[in-house]
1. Just to be sure, is residue 7 touching a helix residue (DSSP H, G or I) at 6+ places or on another chain (Cβ under 9 Å) and modelled with pLDDT under 85?
2. Select from region 32-67 the residues that are open to solvent by less than 70 Å² (accessible area, probe 1.4 Å) and assigned to a helix (DSSP H, G or I) and list them in ascending order.
Amino acid sequence: VYGQPVCYPSIYLDGDMLRRGGDSQQNQSTAGQWTTLVNPSDVAGIEVYPTAAGLPAFASGSDSPCGVVLIWTLPH
């Protein structure tokens, strides 16, 4: 709905948090920065959890109120 704050998911790369989720101004300004860290040809898979329900244990908690995006890369 227009005018309501957007709630951004937490972003994890290979199990390590890159960006905490939430609706703060910082979350809005850093929402897409992870794309500069990962070469698309290195991505093995992406998991999207749109809500906090059903999150893996390592990604649950107060850092992920708006769901999670898990990015997995290929081993080198």
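The values are calculated or read from the model by the stated rules, or taken from the named source; none is laboratory data. What you see is a predicted model; the values in this text were computed from it and never measured. Quick reminder, even Gly has a Cβ in these numbers, built from the backbone with ideal geometry, and neighbours come from all protein chains shown. The protein model used for the area step is the full one, side chains on, heavy atoms only, and it has no ligands, DNA or RNA in it. Shrake-Rupley method; radii C 1.70, N 1.55, O 1.52, S 1.80 Å.
1. Here the answer is yes, as residue 7 does meet what is asked.
2. 34, 42, 59
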